[in-house]
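Where a number appears in this text, it was derived from the coordinates with a stated rule and is not lab data. Everything numeric here is computed off the predicted structure, so don't read it as measured data. With ideal geometry, Cβ positions are generated from the backbone for all residues, glycine too; neighbour counts draw on all protein chains shown.
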Amino acid sequence: AQTIHQWPVAEIKAVGSPLSLGCTIKGKSSPNLYWYWQATGGTLQQLFYSITVGQVESVVQLNLSASRPKDDQFILSTEKLLLSHSGFYLCAWSLGVSQNTLYFGAGTRLSVL
Amino acid sequence: GDSVTQTEGQVALSEEDFLTIHCNYSASGYPTLFWYVQYPGEGPQLLFRASRDKEKGSSRGFEATYDKGTTSFHLRKASVQESDSAVYYCALSDRGTGYQNFYFGKGTSLTVIP
């Protein structure tokens, strides 16, 4: 069975500090990987996606970057946090084929103070 | 570009009421349509999906029918329960973009009053 693990569960960070969020998918080979962001009470905004190791496409610019160092790992980071980065970050995976489905992790709650 | 529109932002119902959440989409190709449900503090989870015209998706008493003519995928449930309180998202994935991108509506927050 496939599992998706996000870390950390929650973070409280200061404005201007760096950030690194991680995601690991087990039990599925070469999945498409995604980062989504959700403001409190807001919709799901796709940030990045990756179809293979080392390749990441940016969907929206939020002063964030993403990397896929391994087939089963997706990292979201920034060197300098802004207040607007607060929210709920969700990692997800799909098979990238017809009739595929997006499967989400449990998310990381980020508060920037 | 592709998009999903959910008409209702918030819905409040009493238990055993009938639920309808409207979802209309715009896509360049022939999309797969989804309904997701999100409980507080959790990631969204798939309710069901449909990939061709007139296909009905269903789960846990919820259902929706893919209608290419009206570009709609409205969510319905005959009798809601307090445990159905959550945020519901309509979404699509388009063959035209290689099924790489998923587009979500703004979400509908459902509150069921016991």
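Points to keep in mind about this one:
- Rg followed by Dmax, in Å, when chain A is reduced to its Cα trace: 13.4, 42
- P(r) tail fraction, the range A:73-113 - alpha-carbon pairs more than 17 Å apart, %: 45 percent
- Rounded to two decimals, the Cα radius of gyration of the range B:1-54 over 2.2 N^0.38 Å is 1.35.
- Fluctuation leader among A:N63, A:N100, A:N32 - chain A, Gaussian network, Cα springs under 10 angstrom: A:N100
- For B:E55, the residues whose amide H sits under 5 Å from its own are B:Y66, ignoring neighbours fewer than 5 places away on the same chain, with H placed 1.01 Å from N.
- Modelled this way, with points 7 Å down the Cα-to-C-beta line, the labels at B:S83 and B:K68 are 3.7 nm from one another.
- A cut-off of 5 Å between modelled amide H atoms, ignoring neighbours fewer than 5 places along the same chain, links B:N101 with B:D94.
- Along the range B:49-65 the Karplus relation, 6.51 cos²θ - 1.76 cosθ + 1.60 evaluated at θ = phi - 60°, assigns HN-Hα couplings of 9, 8, 10, 9, 4, 6, 6, 9, x, 7, 5, 6, x, 8, 8, 7, 10 Hz to successive residues, with x for each Gly and Pro.
- Distances between placed amide hydrogens fall under 5 Å for A:L102 paired with no residue 5 or more residues away or on another chain.
- Structure remark: mean-square fluctuation, Gaussian network model of chain B, C-alpha springs under 10 Å; the largest value among B:F73, B:F18, B:F62 belongs to B:F18.
- Base-10 log of normalised Debye intensity for chain B (one unit scatterer per alpha-carbon) at q = 0.18, 0.20, 0.23 Å⁻¹: -0.84, -1.02, -1.30
- A:A14-B:T111 pseudo-label distance in nm [points 7 Å out on the Cα-to-Cβ vector]: 3.8 nm
- Average beta-carbon neighbours from other chains, 10 Å sphere, peptide B:101-112: 3
- Most mobile of A:G22, A:G87, A:G41 in a GNM of chain A (Cα contacts under 10 Å): A:G41
- Computed log10 I(q)/I(0) for the protein assembly as shown at 0.16 Å⁻¹: -1.12, from the Debye equation with unit scatterers placed on every C-alpha and solvent omitted.
- Segment A:L113..A:L82, full-extension length gain: 10.3 nm, with 0.36 nm per residue of separation and the alpha-carbon distance subtracted.
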